[in-house]
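Here the structure comes first, spelled out in structure tokens, and everything after it is commentary.
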Amino acid sequence: MNLSLEYLIREPKTILDKNPLILLLHGYGSNEADLFSFASELPDEYYIISARAPYDMQYGSYAWYAINFDADENKFSDLDQARESRDLIANFVEELIANFPIDQDNVTLLGFSQGAILSYAIALSHPEKIKNIIALSGYANEDIMETNYTKNDFSNLRIFHSHGTVDQVIPIEWARKTGPFLKNLNINATYKEYPVGHGVAPQNFYDFKNWLVEGK
């Protein structure tokens, strides 16, 4: 099966006519094995598919888009690459639905950091394709959403987003701006903070898992 992204897969343990999907999107400099460690703990009826980002940084590290530093050590993101990855992942979801018995009305994106930023961009650009997003240690960046995204219907979209209060990579302030941004779009969103850095606390995992199960 020749799909556009490399991936790892856990087949559902409970087989339905069509099974829901959780697509895992790792952070900058990581790979598809990272979030896949969650797979065995996620509900049995889901396809769990972890995608590898397209840009090879060597030594098993990959990125969805480049992050560059200027002479003053300011970080800036390659927004063109980010938009390309947004479309690449949206297309990958369609490929998965075409190749596996996946319920196209029950697709969840679970992203960490760069993967979370892209999860927002994909879901807000294509809310008809995505039911849930779980955005860990990220934020919503309008610059990588499709131009007319505000005209979309978000009534079926649910979002769980969370952040570490001492995150040294993506400031907590950026994440805190996302809640009002989503509320302004009337999107059903749950936000939580944890006393950790740029990572996923055990309590964070249990909270988003419970949120996912309750929203069936």
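Can you say whether S119 is at pLDDT below 95 and surrounded by 16 or more Cβ atoms within 10 Å (Cβ to Cβ), as far as the supplied structure shows?
Numbers: at pLDDT below 95: no; surrounded by 16 or more Cβ atoms within 10 Å (Cβ to Cβ): yes.
No, not satisfied.
Every residue, every condition in (1) of a type in the set (A, V, I, L, M, F, W, C); (2) at positive phi; (3) touching a residue at least 60 places away in the same chain (Cβ under 8 Å), yes or no:
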site: N106; (1), (2), (3): no, no, yes
site: L110; (1), (2), (3): yes, no, yes
site: S113; (1), (2), (3): no, yes, yes
site: I134; (1), (2), (3): yes, no, yes
site: V169; (1), (2), (3): yes, no, no
site: I172; (1), (2), (3): yes, no, no
site: H198; (1), (2), (3): no, no, yes
site: F208; (1), (2), (3): yes, no, yes
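When you scan the range 162-170, do you find a residue that is closer than 23 Å to V107 by Cα, in contact with an Asp or Glu (Cβ under 8 Å, 6 or more places away or on another chain) and surrounded by 16 or more Cβ atoms within 10 Å (Cβ to Cβ), even just one? Scanning the range 162-170 turns up at least one residue that is closer than 23 Å to V107 by Cα, in contact with an Asp or Glu (Cβ under 8 Å, 6 or more places away or on another chain) and surrounded by 16 or more Cβ atoms within 10 Å (Cβ to Cβ).
For the range 49-76, a residue qualifies if it is free of Cβ contacts under 8 Å to residues at least 24 places away in the same chain and either closer than 25 Å to E94 by Cα or surrounded by 13 or more Cβ atoms within 10 Å (Cβ to Cβ) (or both), and the qualifying residues are D56, A66. Here K18 meets each of (1) open to solvent by 50 Å² or more (accessible area, probe 1.4 Å); (2) modelled with pLDDT under 95 with one exception, condition (2). Tallying residues that are among the hydroxyl-bearing types (S, T, Y) and surrounded by 15 or more Cβ atoms within 10 Å (Cβ to Cβ) within the range 191-216 yields 2. Looking only at residues of the range 5-15 that are part of a loop (DSSP other than H, G, I, E, B) and at pLDDT 95 or above, we find that the one that is surrounded by the fewest Cβ atoms within 10 Å (Cβ to Cβ) is E11. Note on the range 35-57: residues that are modelled with pLDDT under 95, within 20 Å of Q81 (Cβ to Cβ) and in contact with a Leu (Cβ under 8 Å, 6 or more places away or on another chain) amount to 0.
Results for (1) surrounded by fewer than 16 Cβ atoms within 10 Å (Cβ to Cβ); (2) in a loop (DSSP other than H, G, I, E, B), shown as yes or no for each residue.
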| position | (1), (2) |
| --- | --- |
| D80 | yes, no |
| D103 | no, no |
| N106 | no, no |
| E128 | yes, yes |
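Step by step: first the residues of the range 142-156, then only those that are buried (at least 17 other Cβ atoms within 10 Å of the Cβ) and assigned to a loop (DSSP other than H, G, I, E, B), then the one that is farthest from the chain's Cα centre (by Cα). Which residue is that? Per the criteria, the residue is N152. Summed over the range 21-48, the residues that are of a type in the set (F, W, Y) and open to solvent by less than 40 Å² (accessible area, probe 1.4 Å) give a count of 3.
Quick grid of which residues meet (1) aliphatic (A, V, I, L, M); (2) in contact with a Pro (Cβ under 8 Å, 6 or more places away or on another chain); (3) within 22 Å of S77 (Cβ to Cβ):
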| position | (1), (2), (3) |
| --- | --- |
| D103 | no, yes, no |
| L110 | yes, no, yes |
| E146 | no, no, yes |
| G164 | no, yes, yes |
| D167 | no, no, yes |
| R176 | no, no, yes |
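The values are calculated or read from the model by the stated rules, or taken from the named source; none is laboratory data. Predicted model, so just to flag it, every value in this text is computed and none were measured. Because the Cβ atoms are built from the backbone with ideal geometry, glycine has one as well, and the counts that use them run over all protein chains shown. Note: areas computed on protein heavy atoms with side chains; ligands, DNA, RNA excluded. Shrake-Rupley method; radii C 1.70, N 1.55, O 1.52, S 1.80 Å.
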